[in-house]
Every structure is written in C-alpha cells, then in structure tokens.
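J.: One structure, as structure tokens, below. Some questions next.
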Amino acid sequence: MPPTRVLTPSTRDELVEALAQATPRTRLVAGGTDLVRELHRPGEAPDLLIDLTGVSGLATIRLDDGSLHIGALSTFTGLQEDPLVRRHALCLSLAAAQVGSVQIRNAGTLGGNVANASPCADGATALMALDADVVTVDGAGEERRRPLREVLLGPGRTALRHDEAIIEYPLPALSADHRSVFAKVGSRTAVSVARLNAALVVRLDATTGVLAEVRVALGAVGGTAFRVPELERELEGRAVDQGSAQLFADGCMAAVQASIPGRYSLPYKQHAAVGLAYDAWNMLALGPVCEPAWA
Amino acid sequence: MQLVLTVNGTTYEVEARPTARLLDVLRDQLGLTGTKEGCAEGECGACTVIVDGRAVNSCVMLAVQARGKEILTVEGLARDGELDVLQRKFVEYGAVQCGFCTPGMLMSAKALLMRDPTPSEQDIRIALAGNLCRCTGYTAIVAAVKAASGQESTPQMALPGVPGELAAAAVTDPATLAVACETVESEAGRPLGAPCTPVDGGPTPAGEGSTTSGARSVSEGGE
C-alpha cells in the first residue's frame, strides 16, 4: 500500500490545490479528536491527509449584515468564549461548553463535529436550531452553500464529497428578542457523550411576550439531529408559561417515540426527553445557566 | 516527513511518520516519556500537554499539527532543578498515588493557572474533568492546585509521619534523587532522558513518506 502523504495548506488557494488531489481514501484533519483515534485502529490507511488547522481565516467568527459566520475551524473553546457567538447564537456556545473535556474543546472544531456526522454531535443540534447553512469549497475552487439538514444524511454519513471541505457556517444572528438554550443528558455529568440533546431557539414578541417564533432541534435520538416542525407550530403564539412547558415536554417525548420506534433505548429516552425538555424550558424562562451545573 | 517542533523551549528537527501522533514523537523520538499514554482515545488525559497555551490530548493530535507551535510537557515544568509550585504542592498534599495520571493532571492545572492565576474550586474541577485518576485521588489533587494558586487549601492527606514541607524537600533533595535515578536507570538499562530505540519485535515506524533510514534520529538545532 502506498504511504500516507500529508498536505498542510496555509491559504485558501493552497487548500483548493490540496483538495484537487483528494481521492475517496483521503481524509481531512481538523481537531483530530475523532480522526486520529480512527487512524490508529487497524484498517486501511488514507492515501492523503489534509491538515486544515493551518489554513488562515478558517477559525474566524464574524457578524455581517445580520448573519453570523462561524469559521469551520472554530474550536469548541472558541465558541464557548466568543462574545459574538454568546450574543447571537447562545445555544451554540452552551452546547460547545458541554462537549468533552477542556482538552477536547481546545482541539475539536465545529467543522469536524458536522463532517464526522456523529448522531450525538452537540454542535450539530445547536446549528440545526439556529437554521445554519454549510459553506464548502471543493478541489475546483467552487464554493457551495446549502442547509445543514441537506449535509447530514445519517450516522457517519454526509453529503460532502471527498474533495469538499466545510469552510464556514452562516446563520441568521439572533436578536435581543431571541432566547436560545441547549440541554443535554449523558451517562455522567461531565466529559459525556449525549444520550439525548436539545436546542431551543425562540423569539418573543416585543410587546405581548408570546412565542412569536419557535425552533426545536433534538439530537442523539436517530441518525442525525433533526427539527420538530409540528411542535414548533403548536408552540407559536403561546405564552411562556407552565402550559407551554407541558406542551413542549409532551412534544419532545412524542418526537423521540417517532424517531426511534422499537429501539432498545426508547423506554429510557422517551422519559429522559421530558426531563430534558423541562431543563431547557426552565433555562428559557429563567435565563440560561452559562456554566455547567455539575461543577 | 521533516518536522520542526519547539518543546519546552528547545527546537527539534524530527523525521516523523505522517500519521505519527504528537504523543509518539514526544515519547519515542524525543525521549520525553513523562507524557503518558493511557486510553489513546482522548478520554483519560494522561497524555495532556500544553500547545500554544492550551491543554490538549497529545494522543489525538497529529505531530504535524504541532508544527511551529510552542509545546510544553511535564518535563518543562521544573526550572533549574526547582520543581514548579504545582509539582511541590502535589507532593505536599499527597496528590500523587500511582502517579500515572500525574503528568496530565499537572499540565491541565498548569494550563488553567497560566490563564487564571486564582481559579475557583469550580474552575479547577472543570479544568481537570478530562483527567481521570483511577486511584480516585481527586480531592487531594484539587486541594493541591488550589494551594499552588496561593489560595488557602486544607490538605486532605499527607505522607504518613512526614510534614508536607519535608516531603517536598525529600523530592528535591539531590542525594535522594540520585538514588532514585540510579534505580530507574538500572531497571531500564539506559540513561534517563535518552531517546528510546525500537526494540526487536516492538512497533517499528512504517516509514511512510520517509526515505531516511535513520528515521528515529533526533537532532537538536535551530537555536
């Protein structure tokens, strides 16, 4: 087997040149927290590794005309700390703060979180609720923008071609009228892979305080994170009160039941969904907890 | 492939396999075996090093990704024969049991104190959440980090019959150290700090991307 080569592009042009050499056996490396483990398991070695960490500009987070653009190489630590993300996409910052450990958050990136397509990716659930798009560049230098739901196809499966790298996620920046939260249930309180996660984004009517817009995303309960549009419609126009909380919890439970019928984990997850929904709702009503509650 | 790495302030030119992890290069090529391999999956934190001021798991980082960055390992903590305050407090507070997690614990704590010299206990617990101690000595470790940051901290456990300051002195006492080093060197059959050479039947570099036969030789240079 020919040896693995490594390319270390440092500019967008060099990245495109590198991608032009990619084959279906090529792997792109960002934080490496999933891929490097994989490389050291027995199996076919990639023909080419393209290290994205040196490409300038890919970790940039900027606000542009109402859109927040999050560079694909943004680390979870970066997302956790970035003032623009905290102001305009808080649920993503809250999700990032609950990924792995400090060491994993320092290395792991939002690009890798989506490209690796783990069903329990916390970043993907938050991005779903934020209506994020995915911008990629390929080996021909072509940029392409499409909704996240068109990129995530299933566990470990994406619509990304082998010569395509995610470069950023544009999303509509949340305003002062928006609230967004993220909640997660894992097998332990820290350094935990989600058994179930949820992101909730709402816009409150400035005068009446009712839920003018609702976006609900669930993850780790099916092949990919997904939205729950019927629940969103049901909640819109309602007040942020106990009745809505109950409706939200019931809706989350129903969504879990519909997503994994007959799965061994259903008896647990359908009830976990109720607790998770109340956690999320309480954060929404009382203000988000910015530090993990376990510490 | 040729790599230039800066570890503990020294620049090394290393001939590394393209898929080598930072951990592999530190341990096998630079002989810096203070950094431990535990789970090899980024879960346990035994391999924690500091790269450009941030704690990372060197078992899930490719060596090539550390090019041009400042790497700090546990060997870089002590200065001029003086233990770092964190190391002293770990000794004083009995925060070391089997010791395998200790380098990783120290590096996570160091990264925290580099950013925040007076962290709260909650900050310390968050910083150490990715470092597993199977002896479950967490309480003493948290107390030691707190003490290292100059904050009041109650020792949970001390060496039996040995006051904390004395215990720390024993560790830094040259005579005691010399005896310990001789024992370790005679066990290992090589001088401490010498680069490892592959043993027969052991893992050998696959030689990917490299035509140099002496792929494991390390030269110090670049200063």
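J.: Does any residue of segment B:21-34 turn out to be within 14 Å of chain A (Cβ to nearest Cβ) and assigned to a loop (DSSP other than H, G, I, E, B)?
T.: no
J.: May I pose another question? So which pairs qualify, if the first residue must be in segment A:66-78 and part of a strand (DSSP E or B), the second must be surrounded by 21 or more Cβ atoms within 10 Å (Cβ to Cβ) and of a type in the set (Asp, Glu), the Cβ gap must be under 6 Å, and the two must be at least 6 apart or on different chains?
T.: As it stands, the answer is A:69/A:168; A:71/A:168, since those pairs meet every condition given.
J.: Please note which helices (runs of 4 or more DSSP H) are completely contained in segment B:68-178 and include at least 1 residues that are surrounded by fewer than 18 Cβ atoms within 10 Å (Cβ to Cβ) and modelled with pLDDT under 95. Before you say what the answer is, go through the steps one by one.
T.: On the way: elements: B:85-92, B:102-115, B:121-127, B:138-148, B:164-172.
Per the criteria, B:121-127, B:138-148, B:164-172.
J.: Continuing with this model, one more query. Quick one: which of A:191, A:185, A:201, A:221 is part of a loop (DSSP other than H, G, I, E, B), crowded, with 17+ Cβ neighbours inside 10 Å, touching a helix residue (DSSP H, G or I) at 6+ places or on another chain (Cβ under 7 Å) and not assigned by TED's automatic domain parsing to the domain that holds residue A:79?
T.: Testing whether each residue is part of a loop (DSSP other than H, G, I, E, B), crowded, with 17+ Cβ neighbours inside 10 Å, touching a helix residue (DSSP H, G or I) at 6+ places or on another chain (Cβ under 7 Å) and not assigned by TED's automatic domain parsing to the domain that holds residue A:79 leaves just A:221.
Here's the yes/no breakdown for (1) facing chain A (nearest Cβ under 10 Å); (2) surrounded by fewer than 23 Cβ atoms within 10 Å (Cβ to Cβ); (3) free of Cβ contacts under 8 Å to residues at least 12 places away in the same chain:
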position: B:9; (1), (2), (3): no, yes, no
position: B:13; (1), (2), (3): no, yes, no
position: B:49; (1), (2), (3): yes, no, no
position: B:53; (1), (2), (3): yes, yes, no
position: B:58; (1), (2), (3): yes, no, no
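J.: Can you pull out the residues in segment A:225-246 that are in a helix (DSSP H, G or I), of a type outside the set (Ser, Thr, Tyr) and closer than 20 Å to residue A:208 by Cα?
T.: A:232, A:233, A:234, A:235, A:242, A:243, A:245
J.: Among the numbered criteria (1) more than 9 Å from chain A (Cβ to nearest Cβ); (2) touching a Cys at 6+ places or on another chain (Cβ under 8 Å); (3) farther than 21 Å from residue B:123 by Cβ, which single criterion is violated by residue B:42?
T.: Single failed check for residue B:42: (1).
J.: Report whether or not residue B:4 is under 23 Å from residue B:112 (Cβ atoms) and in contact with a Gly (Cβ under 9 Å, 6 or more places away or on another chain). Even if it seems obvious, please write down each step before you answer.
T.: Values: under 23 Å from residue B:112 (Cβ atoms): no; in contact with a Gly (Cβ under 9 Å, 6 or more places away or on another chain): yes.
So residue B:4 does not fit the description; no.
J.: Right, residue A:215: under 22 Å from residue A:152 (Cβ atoms), modelled with pLDDT under 95 and part of a strand (DSSP E or B) or not? Before you say what the answer is, go through the steps one by one.
T.: Details: under 22 Å from residue A:152 (Cβ atoms): yes; modelled with pLDDT under 95: no; part of a strand (DSSP E or B): yes.
So residue A:215 does not fit the description; no.
J.: Do we find that residue A:160 is in contact with a Gly (Cβ under 9 Å, 6 or more places away or on another chain) and buried (at least 19 other Cβ atoms within 10 Å of the Cβ) in this structure? Show your work before the answer.
T.: Values: in contact with a Gly (Cβ under 9 Å, 6 or more places away or on another chain): no; buried (at least 19 other Cβ atoms within 10 Å of the Cβ): yes.
When the stated conditions are applied, residue A:160 does not pass them.
J.: Do you know which residues across segment A:247-267 are assigned to a helix (DSSP H, G or I) and of a type in the set (Ser, Thr, Tyr)?
T.: Answer for segment A:247-267, where residues must be assigned to a helix (DSSP H, G or I) and of a type in the set (Ser, Thr, Tyr): just A:259.
J.: Which one is surrounded by the fewest Cβ atoms within 10 Å (Cβ to Cβ) among residues in segment A:124-147 that are touching a Ser or Thr at 6+ places or on another chain (Cβ under 9 Å) and part of a helix (DSSP H, G or I)?
T.: A:128
J.: Here's a follow-up. Could you check segment A:10-47 and list, in sequence order, the residues that are closer than 30 Å to residue A:79 by Cβ, away from chain B (no Cβ under 12 Å) and either in a loop (DSSP other than H, G, I, E, B) or of a type outside the set (A, V, I, L, M, F, W, C) (or both)?
T.: A:11, A:12, A:13, A:14, A:17, A:22, A:26
J.: Scan B:21, B:67 and give me the residue that is touching a Cys at 6+ places or on another chain (Cβ under 7 Å) and among the basic types (Lys, Arg).
T.: On inspection, the qualifying residue turns out to be B:21.
J.: Could I ask something else about it? Restricting attention to segment A:48-65, report how many residues are within 14 Å of chain B (Cβ to nearest Cβ), free of Cβ contacts under 8 Å to residues at least 40 places away in the same chain and among the acidic types (Asp, Glu).
T.: So the answer is 0.
The values are calculated or read from the model by the stated rules, or taken from the named source; none is laboratory data. This is a predicted model, so every value here is computed, not measured. Note that we place each Cβ from the backbone using ideal geometry, even for glycine, and neighbour counts take in every protein chain shown.
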